Each structure stands twice: as C-alpha cells, then as structure tokens.
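> Take this structure first; my questions come after.
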Amino acid sequence: MFHRDGPTFRELARQALTSVEQGYDLLAPKFEHTPFRTPDPVLKAALAHAGAPGSVGSALDVCCGTGAAMRVLRPLCRERVVGFDLSGGMLDEARRRLADAPGSAALDFVRGDALALPFNAAFDLITSFGAFGHILEEDEPRLVAGIARALKPGGRFVFVTAQPPSTLNPGYWVAKGFNAAMRVRNALWKPPFVMYYLTFLVPRARVLLEAEGFDVEVREGDMPEPFGRLVTVIATKR
C-alpha cells in the first residue's frame with residue numbers, strides 16, 4: 001500500500017492524532033509516496049476535459065497538496081495557476097516540486113481554508129482532487145459557494161468523484177467502518193481530524209452544484225484501469 005519511502009505506521013499514527021493542518025505538515029515530505037496522492041493517470045484523464053494547451057486563462061487548484069494537479073494544469077494556462085492549501089508544509093513541497101514544471105503560466109501558492117476562498121470572479125477553471133473527504137457534509141454548501149464565487153461567468157469546476165457504491169460491495173462496508181472509527185476518534189480526541197470516505201458523490205455533488213447555479217456534466221468511462229469506477233464532473237457556472 002505504501003512505497004518504501006513513504007511514512008511509517010508510527011508517523012501515520014502521529015499524523016492522525018493531530019489536526020488536518022498539522023497532520024499534512026508532518027506528512028508533506030513523504031506525501032508523494034502514499035496512496036492519498038491522486039495518481040497521474042487520473043489527473044491527466046480528468047484534465048483532458050479542461051482544454052488544449054494554452055486554452056485556459058487562469059486556474060485554481062483547491063487543496064493542491066504537493067502540486068500534482070498544478071503540474072498538469074500549467075501547460076493548459078496562459079496566465080497563472082494558483083495552488084491553495086491549508087498546510088504550509090504541503091505548499092512548501094509543491095513549490096519545490098514544481099520548480100521544473102512545464103509551461104509558462106505564473107505559479108502562485110496561497111495558504112488558507114477551502115471553506116473561505118478569498119477570490120471573486122478570478123478564475124476560468126477550478127479543480128480539486130482528493131480533498132472532499134476533509135470537508136464535513138454540512139460544510140459542503142460553503143465549499144461549493146466559495147468555488148462559484150471564485151469562478152468567472154462561464155468558468156468550470158472540474159473534479160473526480162464516483163457514483164454511490166452498492167451495499168453489496170465489501171468496499172462500501174470498509175469505508176463505512178472507517179468513517180465510524182473516525183467519528184469515535186473525533187468524539188474522544190481533540191483537535192478533530194476530518195477524513196471520511198464516500199463523500200461528495202455524484203448525486204449530492206450534482207444537487208449542491210445546480211443549486212449554486214452550475215450546469216453539471218458527468219463523464220463516465222474515461223478513466224484508465226484500475227480507476228474505472230471514477231467519473232469526471234464538469235460543472236460550468238452559468
């Protein structure tokens with residue numbers, strides 16, 4: 001599951017007993033060697049829907065982590081690509097890793113809370129990968145509202161999610177069990193560490209996005225194996 005250069009069990013346990021911000025500060029140097037990092041084939045398949053090289057003015061990657069999506073976004077953009085993340089450690093790692101990223105768009109890094117995006121009609125494209133499990137369900141409307149506010153009219157929000165799994169799928173019950181364990185952990189230990197599975201799946205994401213004035217398109221069947229269950233959502237701000 002983990003690369004030999006990835007975090008040890010002890011390091012992961014230490015991360016899990018801190019906050020999301022502190023946990024990712026600790027994990028940042030080894031994040032690329034964990035299964036939490038969105039694989040490049042998934043990023044490339046999703047962002048193939050974003051346009052040809054140079055076709056996007058400016059883009060924002062919300063919860064950018066170590067900058068994997070920014071590397072794919074930069075050749076698509078003419079002006080700038082902004083990475084936004086709560087963890088200063090992850091942003092530092094992104095700066096280092098993107099020093100040789102192809103493309104000419106400016107790269108900016110902003111630290112902050114995804115539920116309080118400080119942008120207004122600033123971007124043609126917004127992306128987010130692997131971050132929705134860190135957003136509580138009751139906070140998802142705030143996330144969507146902030147993304148809508150940050151996009152220009154006609155701008156797009158592109159992300160990857162999935163359809164709800166069958167209850168006959170063993171993975172469904174594994175995810176439910178993990179979520180239950182996290183709720184117990186957060187009830188007994190402070191600060192909370194928000195990390196849940198089965199979040200922002202297609203039906204709920206569609207409802208929230210359409211309520212915020214987006215036209216929603218779901219692209220299925222375009223992910224390479226073994227990621228075929230994932231879908232790309234393209235939400236266009238009206």
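> Please state the relative contact order of region 14-87 as a whole percent: Cα pairs under 8 Å, 6+ residues apart?
30
> Still on this structure, I have one more. Just need the relative contact order of the chain here, percent rounded to a whole number, with Cα pairs under 8 Å and 6+ apart.
Relative contact order comes out at 19 percent.
> Anything over 30 Å Cα to Cα? Flag those among Lys152/Lys176; Lys30/Lys176; Lys190/Lys237, in the order listed.
Correct reply: Lys152/Lys176; Lys190/Lys237.
> Among the GluC sites (Glu not before Pro) within region 190-238, which fall in a DSSP loop and have no more than 14 other Cβ atoms within 10 Å of their own Cβ?
Sites meeting the loop and neighbour criteria: Glu220.
> Sort out for me the Cα centre separation of region 121-165 from region 205-238, rounded to whole Å.
10
> Just for region 97-238, what percent of DSSP beta bridges are antiparallel, to the closest 5?
Bridges in region 97-238 that DSSP calls antiparallel: roughly 70 percent.
> Please compute the contact order of region 125-172 in relative form: average sequence separation of alpha-carbon pairs under 8 Å and at least six residues apart, divided by the residue count, as a percent. Don't jump to the answer; show the numbers that get you there.
Values: 22 pairs, mean separation 26.8, N = 48.
Value for region 125-172: 56 percent.
> Then there's this: Using a ≥ b ≥ c from the Cα gyration tensor of region 110-238 (square roots of the eigenvalues), is it rounded, prolate or oblate, where a/c under 1.5 gives rounded and otherwise the larger of a/b and b/c decides, a/b for prolate? Walk me through the intermediate numbers first.
Working: a/c = 2.25, a/b = 1.26, b/c = 1.80.
The shape class here is oblate.
> Taking the solvent-accessible surface of protein heavy atoms with a 1.4 Å probe, what is the per residue accessible area of region 111-196 in Å²?
49
> List every DSSP H helix in the chain whose Cα atoms extend 20 Å or more along the helix's own long axis and whose mean Kyte-Doolittle hydropathy is at least 1.0.
none
> Looking only at the chain, where both bridge partners belong to it, what percent of the DSSP beta bridges are antiparallel (to the nearest 5)?
40
> Quick one: dipole size for the chain, taken about the Cα centre, charges +1 on Lys/Arg Cβ and -1 on Asp/Glu Cβ, in debye to the nearest 20.
Taking the Cα centre of the chain as origin, the dipole is about 200 debye.
> Could you sort Asp40, Asp139, Asp100 by accessible area so the largest value comes first, with the probe set to 1.4 Å?
Working: Asp40 65, Asp139 35, Asp100 110 Å².
From most accessible down to least: Asp100, Asp40, Asp139.
The values are calculated or read from the model by the stated rules, or taken from the named source; none is laboratory data. These numbers were taken from a predicted model, which means no experiment stands behind them. In this analysis, Cβ positions are derived from the backbone assuming ideal geometry, glycine residues included, and neighbour counts consider all displayed protein chains. For the accessible areas, the whole protein counts, side chains as well, though only heavy atoms, and no ligand, DNA or RNA atoms are used. Shrake-Rupley method; radii C 1.70, N 1.55, O 1.52, S 1.80 Å.
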